[in-house]
Amino acid sequence: MKVPALPLDGDTIVAVSTPFGVGGIGIVRISGPAAEKTAAQLFHPKTPSERFTSHQFYYGHICDPRDNSVVDEALMVLMRAPKTYTREDIVEIHCHGGALPVRRILELVVSRGVRPAEPGEFTRRAFMNGRIDLVQAEAVADIVEAKSATALRFAQRQLDGGLSQEIRGVRETLKDLLMEMEAWLDFPEEDLPDPDFDRIRGRIEEMIGAVRELSATYAEAHLYRDGVSLVIGGRPNVGKSTLLNVLVGKERAIVSPLPGTTRDYLEESVVLAGIPVRMIDTAGLREDAGEIEARGVAFARRQIETADFLLYVVDATRLESERWGRVADFAPAGRTLVVINKIDLVPAAALESGMGSLPPGVPRVAVSALYRTGIENLGEEIERQLTGDKLDLDSRAVITNVRHRQALERCLDALERAAGQASARPVPGDLLAADLRHALRALGEILGETTPEEILRGIFDTFCIGK
Ligand SMILES: Nc1nc2c(ncn2[C@@H]2O[C@H](COP(=O)(O)OP(=O)(O)OP(=O)(O)O)[C@@H](O)[C@H]2O)c(=O)[nH]1
Ligand SMILES: [Mg+2]
């Protein structure tokens, strides 16, 4: 793999790689050419050894070289380059996981001239040294932050190189075509026969198909990574808070027979069908609310407007009084599910006729949040709305990252222009080559080969320190 143009620092960095606070163990990680020397100065193995063997744990103590006092009991492992996370020499010191031992060891290492690492700098070095590409580096961050098992599975597959391979496949075809075009453009005097432009157009169209298919997986796949917000809205006292409690499986919200119980909004995270869902309960919508409640209602409206999905709850005994025309004004079209609650209070026949007042085509589910009837059905309907049942989760690579998606769309635009050039007669060779180059650059940006520094910085800045 081509190593990006940024110069390597070559200095040695250190960070605490475990969360701050109290834990079983704390790990201080050092990477760079001075890692081994620094460890030798601070770590005293129980059984003295001439030279540490790579990739082997040693038991001993970390001591302050100024007065030889023991800082902590520790395990130390030295991993010599290149078979390491960063491809540099790495030392890990595993000490007792209290905030103080970890911090003191960190300070000791820094006092030996080692620089504190920036966020994501270990992973950045792995990337700069060619061990992983940018897509894989981003997968590392996704693994750390995965909020659902499916998100984790996607990120693991991305780290394995599944997505990179897919992108490289298209890139190789592009490179072949570009070489062919450039040979023809660069040596006109050699009287080379014209390339077979129908064949070239055919190959461009194959690439368009592949890139489009990959890009289309984003719509659903990213939900597993980024999650969605699901707002529970409706008029006062219809059972919104009761429903939230049922869906999140605990008594999270206060429920009472008095309308206007919920004044602030509150949220709780759950995972539905593998998708992390931020569920938000809101104040009941009504116009004649008192001052504090009115603020809650304003909050609720804002939550509903920005929601990815809305569960609009209505009272089964008051279906006819619901002003559907108004609801349509704020409910996000195509992302609203009407939940008819309190069906335990109405006979089946009345419910049937009451449902007739609902606008046609709006998806609906009838439940009793109090007696938990119809909840399973509601769960299935929410899942169907969230996922749309379109994505085969075990299919090949999927796109979950908006940066990849945007680059693929740029690639697609360039390929479509290129297909147009290849169909024109005579073929404008320069333009065709330029479009192929644009497409190539977009793919290179995904992999990190032609990614501008500020974008790299933005990516690694979101990592935690010590990763
Ligand atoms: N019979 C029956 N009562 C229900 C059902 N769901 C909720 N309730 C009752 O309806 C009342 C209002 O419930 P809440 O969950 O507080 O309603 P809400 O929509 O959050 O109300 P506000 O926060 O005031 O807008 C409570 O007394 C609940 O016990 C149901 O399915 N059947
Ligand atoms: Mg409530």
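Provide the gained length on full extension for the span Lys46 to Glu182, in nm with one decimal, where the gain is 0.36 nm per separating residue minus the Cα-Cα distance.
Working: separation 136, 0.36 × 136 = 48.96 nm, distance 6.47 nm.
This chain segment gains 42.5 nm when fully extended.
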Quiz prompt | Backbone N within segment 179-223 under 12 Å of label point (7 Å from Arg425 Cα along the Cβ vector) | solution = 197-198
Quiz item: Sorting His61, His404 on the 10 Å Cβ count, fewest up front, what's the list?
Solution: His61, His404
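May I ask you to derive the FRET efficiency for Ser69 and Gln156 from their Cβ-Cβ distance with R0 = 45 Å, giving the value to the nearest 0.05? Can you show the working numbers first?
Working: r = 44 Å, r/R0 = 0.97.
The value I calculate is 0.55.
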Quiz item: How far apart, in nm, are the 7 Å Cα→Cβ label points at Ile455 and Glu189?
Solution: 3.9 nm
Quiz item: For the residues Ser353, Ser164, what sequence is obtained by ranking on other C-beta atoms within 10 Å, fewest first?
Solution: Ser353, Ser164
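Averaging sequence separations of C-alpha pairs under 8 Å and six or more residues apart, then dividing by the length of segment 13-133, give the relative contact order as a whole percent. Walk me through the numbers on the way to the answer.
Numbers: 233 pairs, mean separation 37.7, N = 121.
Contact order relative to length: 31 percent.
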Quiz item: Relative to the present Cα-Cα distance, how much length would full extension add between Asn377 and Glu172 at 0.36 nm per residue of separation?
Solution: 69.0 nm
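Output the relative contact order of segment 253-294, whole-number percent, from Cα pairs under 8 angstrom with separation of 6+ residues.
On the way: 48 pairs, mean separation 14.8, N = 42.
About 35 percent, as a whole number.
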Exercise. With only Lys, Arg, Asp and Glu charged, each at its Cβ (+1 for the first two, -1 for the last two), find how big the charge dipole of segment 13-133 is about the Cα centre; round to the nearest 20 debye.
Key: 240 debye
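For segment 78-209, just say rounded, prolate or oblate: build the C-alpha gyration tensor, square-root its eigenvalues into a ≥ b ≥ c, call rounded for a/c under 1.5, and beyond that prolate if a/b exceeds b/c, oblate if not.
Details: a/c = 4.81, a/b = 2.33, b/c = 2.06.
It comes out prolate by the Cα gyration axes.
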Quiz prompt | Charge sum, other residues only, whose C-beta stays under 12 Å from Arg425's C-beta, Lys/Arg counted +1 and Asp/Glu -1 | solution = -1
Self-check item: Fewest-first ranking of His222, His55, His44, using other Cβ atoms within 10 Å as the exposure measure
Solution: His55, His44, His222
Quiz item: For labels at Ala328 and Arg301 in the simple 7 Å Cα→Cβ model, what's the distance in nm?
Solution: 2.0 nm
Quiz item: From the cross-link list Lys250/Lys467; Lys83/Lys147; Lys147/Lys467, which pairs have alpha carbons spaced over 23 Å apart?
Solution: Lys250/Lys467; Lys83/Lys147
Exercise. Name the residue farthest towards the positive end of the dipole of the chain from the options Leu159, Tyr224, Pro119, assuming +1 on Cβ of Lys and Arg, -1 on Cβ of Asp and Glu, about the Cα centre.
Key: Pro119
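Can you list which of the DSSP-assigned H helices in the chain have a Cα extent of 15 Å or more along the long axis and an average Kyte-Doolittle score of at least 0.5?
On the way: long enough: 99-111 (18 Å, 1.18); 134-145 (17 Å, 1.03); 149-160 (16 Å, -0.37); 162-186 (36 Å, -0.29); 197-216 (28 Å, -0.19); 291-306 (23 Å, -0.45); 375-387 (18 Å, -0.77); 402-423 (32 Å, -0.58); 429-447 (27 Å, 0.58).
Helix filter hits for the chain: 99-111, 134-145, 429-447.
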Practice problem: State, as an integer percentage, the relative contact order of segment 226-387 based on alpha-carbon contacts under 8 Å between residues 6 or more apart. | Solution: 22 percent
Exercise. Could you pull out every residue, at least 5 positions away or on a different chain, whose amide H is within less than 5 Å of the one on Ile25? Hs are placed 1.01 Å off N in the peptide plane, and Pro or chain starts have none.
Key: Gly97
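Readers should treat all values here as calculations from the given coordinates under stated rules, not as data from a laboratory. What you see is a predicted model; the values in this text were computed from it and never measured. Heads up, the Cβs are rebuilt from the backbone with ideal geometry, glycines too, and the neighbour counts pull from every protein chain shown.
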